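Heads up: the structure comes next, in structure tokens.
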């Protein structure tokens, strides 16, 4: 049994569908038979809620894991509909930012915690907050690679260069394994000429780092979190759900 591959889903630009990507990729990978752990590193707790877990009722959260008052095995719980495990987050996590600054090994705490369960999973997906914070740094230090969801719009490429620089710095100073695994085009509308142009630019510039699967703009994916389940499970027949299962297959083939 090989150890889990650990990936951050990150983009320093907000509102690009990071959490939607993390939750639906987790559910999609579970559907294609992979064992998945989702780590919610965002104090907003949207990936926790989107997985059907009440962030207000968490007995133990990723906050406890980072402060080493709980293990991953103690803090994880199954997503009721998603078929994967979750280490949830809530507002408490915002306080961890300040507390971690004082602690030793502050960037490596998540990495150490996940090392204890790497045999239990095929994939660990980490949903990072949009800012480059101590939380995001913990995610990047724990991961083998970064999956970047991005919209094909004018400012997207600008945000991407910031992220690439951050990844280079983390690679040089803290985690020599870290690299960009791939760019996922999300909320895509082929009728918009600009989106097609940006998509072509991405492929020209990044080549096979651009995933083949494209996630279309899809109302059902947007509705799913309010029902506390991934879009993949909420409406399996929708174009968005089918695209995420296809993406999960592509990930599984590419990365084991």
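Are there any pairs, at least 6 apart or on different chains, whose C-beta atoms fall under 8 Å, with the first in the stretch 11-30 and on the phi > 0 side of the Ramachandran plot and the second outside any loop (DSSP other than H, G, I, E, B), and if so, which?
Cβ pairs passing all conditions: 17/149; 17/186; 17/187; 17/215.
Select from the stretch 130-140 the residues that are within 25 Å of residue 248 (Cβ to Cβ) and surrounded by fewer than 24 Cβ atoms within 10 Å (Cβ to Cβ) and write down the one among them that is modelled with the highest pLDDT.
Among those residues, the one meeting the criterion is 136.
Could you identify the single residue in 58, 93 that is farther than 22 Å from residue 144 by Cα, crowded, with 20+ Cβ neighbours inside 10 Å, at pLDDT below 95 and touching a strand residue (DSSP E or B) at 6+ places or on another chain (Cβ under 9 Å)? Don't jump to the end; show me each part of the working.
Working: 58 fails: at pLDDT below 95.
None of the others qualify; the one that does is 93.
Collect the residues in the stretch 54-82 that are within 26 Å of residue 232 (Cα to Cα) and touching a residue at least 60 places away in the same chain (Cβ under 8 Å), keeping them in residue-number order.
79, 80, 81, 82
Which of the residues that make up the stretch 7-50 are in a loop (DSSP other than H, G, I, E, B) and surrounded by fewer than 24 Cβ atoms within 10 Å (Cβ to Cβ)?
Of all residues in the stretch 7-50, those in a loop (DSSP other than H, G, I, E, B) come to 10-17, 32-35, 41-45.
Of everything in the stretch 7-50, those that are in a loop (DSSP other than H, G, I, E, B) and surrounded by fewer than 24 Cβ atoms within 10 Å (Cβ to Cβ) turn out to be 12, 13, 14, 15, 16, 17, 32, 33, 34, 35, 43, 44.
Among the residues of the stretch 62-75, write down those that are in a loop (DSSP other than H, G, I, E, B) and either farther than 26 Å from residue 107 by Cα or touching a strand residue (DSSP E or B) at 6+ places or on another chain (Cβ under 7 Å) (or both). First the steps, then the outcome.
Initially, the stretch 62-75 is screened for residues in a loop (DSSP other than H, G, I, E, B), giving 67-71.
Within the stretch 62-75, none qualify.
So for the stretch 116-123 (the condition being closer than 27 Å to residue 215 by Cβ, buried (at least 24 other Cβ atoms within 10 Å of the Cβ) and under 13 Å from the mean Cα position of the chain (by Cα)), does at least one residue qualify?
no
Residue 53: at pLDDT 95 or above, crowded, with 20+ Cβ neighbours inside 10 Å, assigned to a loop (DSSP other than H, G, I, E, B) and touching a strand residue (DSSP E or B) at 6+ places or on another chain (Cβ under 7 Å), yes or no? Even if it seems obvious, please write down each step before you answer.
Values: at pLDDT 95 or above: yes; crowded, with 20+ Cβ neighbours inside 10 Å: yes; assigned to a loop (DSSP other than H, G, I, E, B): yes; touching a strand residue (DSSP E or B) at 6+ places or on another chain (Cβ under 7 Å): yes.
Answer is yes for this residue.
Let me spell it out: the conditions are (1) more than 22 Å from residue 151 (Cβ to Cβ); (2) in contact with a helix residue (DSSP H, G or I) (Cβ under 6 Å, 6 or more places away or on another chain), and residue 169 meets all of them except one. Which number is the exception?
Result: residue 169 passes all but (2).
In the stretch 198-222, how many residues are free of Cβ contacts under 8 Å to residues at least 40 places away in the same chain, over 26 Å from residue 6 (Cα atoms) and loosely packed, with under 14 Cβ neighbours inside 10 Å?
The total comes to 3.
The values are calculated or read from the model by the stated rules, or taken from the named source; none is laboratory data. Computed from a prediction, not measured in an experiment: that's the story for all the values here. Here Cβ is always computed from backbone atoms with ideal geometry, including for glycine, and neighbour counts include all displayed protein chains.
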